[in-house]
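A quick write-up on the structure given underneath.
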Amino acid sequence: MARPITKVVKPEVSEEQKQAQTVDRVLQSLAENPEGIQATIKLLQELHDSGILGALNAAVEAKEDIAKIVVGQMVRPPVTNMINNAMAVAGGLTELDPEMTKKLMAGVTKGLQRADEALQSGAKVGVFDLIKALRDPDINRAMGFGINLLKGVGEGLKD
């Protein structure tokens, strides 16, 4: 009977052999993807010719300085005010009923179209036209909506 193997000797690969294997893998990738490699080289050449590549390299080299400038700009009061306002508007939008917003936007669109038509016609509006308009159900509905909107805004401003 043979003796069992108790020690496995792993073949040691020299640094030169590792480099040769790496070069072989790179050459194989190049051979398998010639169109992609050529397109990449063309892209890099275009970026270089236009000066963008140099600007990108400079930006990467100066990343810490750029980060300091960006952070410095972000903490300025006008920028923080803008961010806070955007967050407040987003919070307010989450409380609105989407169907009501859709109706309101459709009404505004239709109203702008009608207003443009009236503007183009050049018709003048007199006092009696205003009184007569108050009897129109659509105008009455819009007036009531506007009055209640103003009331709600006033109540909100009270706090």
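Quick notes on this one:
- Shape of segment 40-87, Cα gyration tensor, a/c cut at 1.5: prolate
- If R0 is 35 Å, the Cβ-Cβ spacing of Leu44 and Arg76 corresponds to a FRET efficiency of close to 0.40.
- Global geometry of the chain, whether rounded, prolate or oblate, following the gyration tensor of its Cα atoms and the 1.5 cut on a/c: prolate
- DSSP-assigned coil residues among trypsin sites (Lys or Arg not before Pro) in segment 1-66, each with at most 15 further Cβ atoms within 10 Å: Lys7
- Straight-distance crosslink candidates among lysines, where the alpha carbon sits under 23 Å from Lys103 and sequence neighbours closer than 8 are dropped: Lys151
- Heavy-atom accessible area per residue - segment 79-157, 1.4 Å, Å²: 90 Å²
- Karplus 3J(HN,Hα) series, Hz, for segment 88-93 with 6.51 cos²θ - 1.76 cosθ + 1.60 (x for Gly, Pro): 5, 5, 4, x, x, 5
- Accessible surface of segment 19-159 [probe 1.4 Å, protein heavy atoms]: carbon and sulfur percent: 64 percent
- In the chain, helices alone account for a calculated mean residue ellipticity at 222 nm of -27000 deg cm²/dmol, with every DSSP H run of four or more residues adding -39,500 (n - 2.57).
- Separation of the Ala62 and Leu112 label points, Cα + 7 Å toward Cβ, nm: 4.2 nm
- Largest first, the residues Glu16, Glu117 sort by 1.4 Å accessible area into Glu16, Glu117.
The values are calculated or read from the model by the stated rules, or taken from the named source; none is laboratory data. In this text, all values refer to a predicted model and were calculated from it rather than measured experimentally. Note that each Cβ is placed from the backbone with ideal geometry, even for glycine, and that neighbours are counted across all protein chains shown. Surface accessibility is based on the protein's heavy atoms, side chains included, excluding ligands, DNA and RNA. Shrake-Rupley method; radii C 1.70, N 1.55, O 1.52, S 1.80 Å.
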